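Asks: Supplied in structure tokens, the structure appears directly below.
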Amino acid sequence: MRIGIIGATGLVGRTTLKILEERGFPASELILFASQRSAGEKIPFKGSQVEVMPISDNWDLLADIFFCSVADDVAQELLKDYKGEAWIIDKSKVFRLDPKVPLVVPEVNWDAVERLDSKIVANPNCTTIPFVMAMAAIRKTARPERTVVTSLQSASGAGKAALEELRLQREYVTAGEKMPEDAREVFGPTLAANLIPQIGSFDKAGEASEERKLRDESRKILGDETLSIHATCVRVPVEVGHSLSVTCVFQEEVGLKAIKKSIESFPGIKMMEGDELITPLDVAGKDEVFCARLRHDPMDKKVIHLWLVTDNLRKGAALNAVQIAESLI
């Protein structure tokens, strides 16, 4: 099986390589593509050094499965008229809501790949993946009438430049020095020692694009356009790991034991016991979606609260894509 990675030198591209090696993916040949400025760089894989190349004409003939981890505008230009035979697993937002393209979390809706005749498979947003896994588990017991979610998203979710900017800002904050403009190019406001209650652009109603992604992608994956999801997405000064505080409101009282059992039995979710906590630092480098603090609302037994955390570079991005590829073969 010939494998290609487009955007191989970025955070998700490098994590994809690492996971392919960890899981013993049967790659007979590996092709790495990146921008012209990264051409010639060598990346280790299974004891060898693989040289990064700039993307060229007829690139789609060089592999059987491609992982595409590039910016939205690059993916749009590269794949807009794609008619090749190779599978494309795309991490950008370009095709996620296209009705002809499956948007897939393998544990939740692998059947979408079988239903839709598309060589492109869209990888969901990094907050959507853990959220829909938990929702799919909960919906086996009872379907919420309304869900309120606050996401606390790490810097690495915005890419390598964002992560480097956070590290640079920490140096200025620690030194008590004024933050220069060139240390605030990715986020705008300072992220170090701070929170930014905006991810993406606002619409006229004041909803940010990241919040729309979470709602609209979840509806598509779960096959329910009536899902009532109200999200607030916040960028936090954490390097890796996205967390979600989730509140589900049901029509009738729900049994916590039944909900817990559904979550525990769902593939890919690790349920923490009792008062055991889980934080972004705890999950870095791990594959599962972790769930903790499952509880009834003390004022209303029709309401439950829970806490989710996952490594956004792994299950939130690269691992989900590799699992899609494993299912394709």
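Please treat every number below as a calculation from the coordinates, not as lab data. Treat the numbers as computed from the prediction; the structure is a model and nothing was measured. In this analysis, Cβ positions are derived from the backbone assuming ideal geometry, glycine residues included, and neighbour counts consider all displayed protein chains.
Asks: Of the residues 244, 227, 195, which is in contact (Cβ under 8 Å) with a residue 12 or more places away in the chain, touching a strand residue (DSSP E or B) at 6+ places or on another chain (Cβ under 9 Å) and surrounded by fewer than 14 Cβ atoms within 10 Å (Cβ to Cβ)?
Replies: 195
Asks: Which strands (runs of 3 or more DSSP E) does the range 1-52 wholly contain that include 1 or more residues that are closer than 23 Å to residue 161 by Cβ and under 20 Å from the mean Cα position of the chain (by Cα)?
Replies: Counting at least 1 such residues, we get 2-6.
Asks: A follow-up question, please. Select from the range 265-284 the residues that are free of Cβ contacts under 8 Å to residues at least 60 places away in the same chain, within 16 Å of residue 130 (Cβ to Cβ) and within 21 Å of the chain's Cα centre (by Cα) and list them in ascending order.
Replies: 270, 271, 278, 279, 282, 283, 284
Asks: Looking only at the range 73-84, count how many residues are charged (D, E, K, R) and in a loop (DSSP other than H, G, I, E, B).
Replies: 3
Asks: For the range 170-193, give me the residue count where each residue is under 18 Å from residue 156 (Cα atoms) and hydrophobic (A, V, I, L, M, F, W, C).
Replies: Here the count works out to 6.
Asks: Moving on. Do we have residue 185 as more than 19 Å from the chain's Cα centre (by Cα) and acidic (Asp, Glu) here?
Replies: Criteria met by residue 185.
Asks: May I ask you to say which residue of 168, 163, 195 is of a type outside the set (Asp, Glu), touching an Asp or Glu at 6+ places or on another chain (Cβ under 8 Å) and within 25 Å of residue 10 (Cα to Cα)?
Replies: Just one listed residue meets the conditions, 163.
Asks: In the range 40-60, which residues are surrounded by 11 or more Cβ atoms within 10 Å (Cβ to Cβ), farther than 16 Å from residue 11 by Cα and not acidic (Asp, Glu)?
Replies: Within the range 40-60, 40, 46, 50, 53, 54, 55, 59 qualify.
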